[in-house]
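The structure appears right after this line, and notes come after that.
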Amino acid sequence: MYGIGRGSRRVFKYEESKPHGIIAGIVNLVIVYSIYLGLLSLINTFMGEELVQKDFFCRQNGIILLIVTLVIVMFYGIFLSDRVGFITWGEKVTGRKFIGTRKVWVNPYSKSRGLLFFLLLMNILIIANYFGGVPTVYTSINYIREVITLIFHIVLLVNIGQGQIHYMMALIVLYLISLVSALIILPDNLKYVAAGVFGVLILLHFIVYLIYKNKEE
């Protein structure tokens, strides 16, 4: 158990946890991949045409990128994660913190995080589909909106992973906005399917929020 000292008192805040390097690696892999897609989409958007072709990307560059990123993520997790002076997004999402000068895996909640990690992986699948999953041509406004939403989504997951479960409500609002947008923008044959998916996500996030909101103080 790790804590924060207050004079002669010691207020315990975090329970030590086993490492969650695999989940952290998956999160890092998807986030790095999404950043790469964002940069390629920025090139396409800036030039106003599809300079980075989707078919070519899917057949060659996308596979090469995934392999290279996977190797880097595995190398970091196995050889570097305990030696470097920073914590990656994936580590933060899965609860790793600096306690003093040490990097420690902790559980900021008073119960198993299995359900929370399941919901986390569902969010990671959604993050993987930002920018359409392949380089895309956007209008400037739509590109900026996509980048801001991606950053906002990652920040929310990081804060939830660090024990701030109330950020789950902001995530619910994000999915609620997506639900409304789907009903307004998508054609009839897709809008109700998308709305159903976002509705289920909203319900699951609310249930998980209720389960974890009474975390150990």
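Bear in mind that the values in this text are calculations on the coordinates, not laboratory data. None of the values given here were measured: they were computed from a predicted structure. Here the Cβ is made from the backbone with ideal geometry for all residues, glycine too, and neighbour counts use every protein chain on show.
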Cα extents of the stretch 143-190 along the principal axes, largest first, in whole Å, come to 40, 21, 12
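Taking N as the number of residues in the stretch 72-217, what is its Cα Rg relative to 2.2 N^0.38 Å? Kindly include the intermediate steps, with their values, before the conclusion.
Details: Rg = 17.3 Å, N = 146, 2.2 N^0.38 = 14.6 Å.
My calculation over the Cα atoms of the stretch 72-217 gives 1.18.
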With x for Gly and Pro, the residue-by-residue ³J(HN,Hα) of the stretch 78-89, computed from phi through the Karplus equation 6.51 cos²θ - 1.76 cosθ + 1.60 at θ = phi - 60° and given in whole Hz, is 7, 10, 10, 4, 8, 10, 8, x, 9, 10, 6, 4
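Test of understanding: what is the full-extension gain from Ile148 to Asp188, defined as 0.36 nm times their sequence separation minus their Cα-Cα distance?
Numbers: separation 40, 0.36 × 40 = 14.40 nm, distance 2.75 nm.
That pair, Ile148 and Asp188, stretches by 11.6 nm at full extension.
As an exercise, use a Förster radius of 45 Å and the Cβ-Cβ distance of Ile126 and Arg102 to find the FRET efficiency, rounded to the nearest 0.05.
Numbers: r = 33 Å, r/R0 = 0.73.
In this case the efficiency is close to 0.85.
So how much slack lies between Thr139 and Val68, counting 0.36 nm per residue of separation and subtracting their Cα-Cα distance, in nm? Intermediate values should be presented prior to the final figure.
Values: separation 71, 0.36 × 71 = 25.56 nm, distance 3.00 nm.
Between Thr139 and Val68, full extension yields 22.6 nm more.
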Residue span Ile78 to Ala170: 0.36 nm per residue of separation minus Cα-Cα distance leaves a gain in nm of 29.8 nm
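Between Ser110 and Ile43, what is the FRET efficiency for a Förster distance of 45 Å, r being their Cβ-Cβ separation, to the nearest 0.05? Don't skip to the answer; put the middle values down first.
Details: r = 47 Å, r/R0 = 1.04.
That pair, Ser110 with Ile43, gives E of 0.45.
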